[in-house]
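In what follows, a single structure is set out as structure tokens and then discussed.
The values are calculated or read from the model by the stated rules, or taken from the named source; none is laboratory data. Everything numeric in this text was worked out from a predicted model, so none of it was measured. For neighbour counting, all protein chains shown are included, and Cβ atoms are generated from backbone atoms with ideal geometry for every residue, glycine included. Surface areas here come from the heavy atoms of the whole protein model, side chains and all, with no ligands, DNA or RNA. Shrake-Rupley method; radii C 1.70, N 1.55, O 1.52, S 1.80 Å.
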Amino acid sequence: MAHTVFIDGEAGTTGLEIRDRLATLPAIEVVSIAADKRKDPAARRAIMSGVDLVVLCLPDEAAKEAVALAAELGDKAPKIVDASTAHRVAKGWTYGFAELDSDQPARIKAARLVANPGCYPTGAIALLRPLVDAGLMPKDFPVTVNAVSGYSGGGKSMIESYEANKAPLFELYGLGLEHKHVPELMAYAGLATRPIFVPSVGNFRQGMLVSVPLHLDALPGKPAATDLHAALAKHYARAKRVRVVSHEETAKLGGRLDALALNDTDDLELYVFSNEKHRQAVLVARLDNLGKGASGAAVQNIQLMLELA
């Protein structure tokens, strides 16, 4: 018998992407709600009572309301994957980045409530957590994270603006330094000092680069770039969806990196660009903000929670 999944908010970008991915998995049946019942609490609760898992693709407040709705079902409440920002650092929720450490897949598999990671934090945490765990970067090290995303990660109004050619070709945003992804980034990268996070959006639908510039001599022990690469490679040695790109392959890129190269995949690539003469390095994560940065990660978590992976 197939496992049943209800996507609450399936008409949005993330919901549609998740639905398309689940359609390829014969062990999962997606249960839908009639369009005129999507905001009907009783109808939604009735569907929740009959499925194994619910995916929330909703704004934060609506996601909180949906969790409360599911909780009314008591022992009959389904498992939940929340794709919003609402519960990423909330008590009682498991963080859905399976590659966080070697025990994270088991934590996700055992969890009833899983918070899907944000796209920007996925790249930043993937780069920083292994360095903190390896002792190459102190928890209180002052970190800067720069990132660029396709406009599909910006929500309905941003998508409409870009597709109507009313938006700029490129823009920085979040310059008030209060971006909602920062607490999540700190919590799971293991940082004690708030990083400077500078997000941006380009006039392309999907694709993402997250970069962390480093002065190597400012790090304790003054590591070489090869030490950073080795820490990343060791951390992700068994990861199926995260690849640490070799020095040789990185060198062939000529110091350039295409943000769109992983579009329509659920992969994450990590790079260490460096100049040993100047003792500088730039760590880069490349992913599809709709793939490993959102829907791909959600499906990965669904499969773990339903014991299909």
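Couple of notes before you dig in:
- In the stretch 144-214, GluC sites (Glu not before Pro) in a DSSP loop with at most 15 other beta-carbon atoms within 10 Å: 178
- Among the chymotrypsin sites (Phe, Trp or Tyr not before Pro) in the stretch 134-224, those located in a DSSP loop and surrounded by at most 15 other Cβ atoms within 10 Å of their own Cβ are 173.
- Using C-alpha pairs below 8 Å separated by at least 6 residues, the relative contact order for the stretch 145-200 is 51 percent.
- With 20 Å as the limit, the listed pairs 109/139; 139/222; 39/156; 109/240 have 109/139 beyond it between alpha carbons.
- Of the trypsin sites (Lys or Arg not before Pro) found in the stretch 34-86, those in coil by DSSP whose Cβ has at most 14 other Cβ atoms within 10 Å are 38, 39.
- Within the stretch 151-285, the proportion of C-alpha pairs whose separation exceeds 26 Å stands at 33%.
- In the context of the full set of protein chains, the chain has a per residue accessible area of 46 Å² (1.4 Å probe).
- Our coupling estimate for the stretch 160-169, obtained by passing each phi through the Karplus curve with A = 6.51, B = -1.76, C = 1.60 and θ = phi - 60°, is 4, 5, 5, 6, 9, 6, 10, 10, x, 5 Hz, Gly and Pro reported as x.
- Calculated FRET efficiency, residue 139 to residue 277, Cβ-Cβ distance, R0 = 25 Å: about 0.30 to the nearest 0.05.
- 3J(HN,Hα) along the stretch 39-47: 10, 8, x, 5, 5, 5, 4, 4, 5 Hz, from the Karplus curve 6.51 cos²θ - 1.76 cosθ + 1.60 with θ = phi - 60°, whole Hz, x for Gly and Pro.
- Computed over neighbours whose Cβ is under 13 Å from that of residue 262, the net charge equals -2, Lys and Arg +1, Asp and Glu -1.
- Computed over protein heavy atoms with a 1.4 angstrom probe, the accessible surface ordering of 196, 33, largest first, is 196, 33.
- Between helix 13-22 and the chain: long-axis angle, C-alpha atoms, 0 to 90°, nearest 10: 80
- Whole-Å semi-axes of the ellipsoid equivalent to the stretch 99-139 (Cα gyration tensor, √5λ, descending): 22, 14, 7
- C-alpha long axis of helix 119-133 to longest principal axis of the chain, angle in °: 50
- Accessible surface ranking that places the most exposed of 24, 122, 13 first, with a 1.4 angstrom probe: 24, 13, 122
- Whole-angstrom gap from the stretch 7-65 to the stretch 250-309, using each part's C-alpha centre: 27
- Measuring nothing but protein heavy atoms, the accessible surface of the chain at 1.4 Å probe radius is 53 percent carbon and sulfur.
- Size of the chain from its Cα atoms: along the principal axes, largest to smallest, the extents are 64, 45, 35 Å.
- Residue-level accessible surface for residue 217, protein heavy atoms, 1.4 Å, Å²: 80
- Measuring nothing but how far apart in sequence close Cα pairs (under 8 Å, 6+ apart) lie, relative to its length, the chain scores a relative contact order of 19 percent.
- Of all aspartates and glutamates in the structure, the ones whose alpha carbon falls short of 15 Å from that of residue 64, not counting any fewer than 8 places away in one chain, are 8, 72, 82.
- Percentage relative contact order, the stretch 175-309, counting C-alpha pairs under 8 Å, at least six apart: 26
- Amide proton proximity set for residue 280, modelled H, under 5 Å, gap of 5+: 216, 275
- Dipole axis of the stretch 167-267 (+1 Lys, Arg; -1 Asp, Glu on Cβ), positive-most option in 232, 168, 260: 232
- Ratio Rg/Rh, restricted to the stretch 1-116 and using Cα atoms, in which Rh is the Kirkwood radius: 0.94
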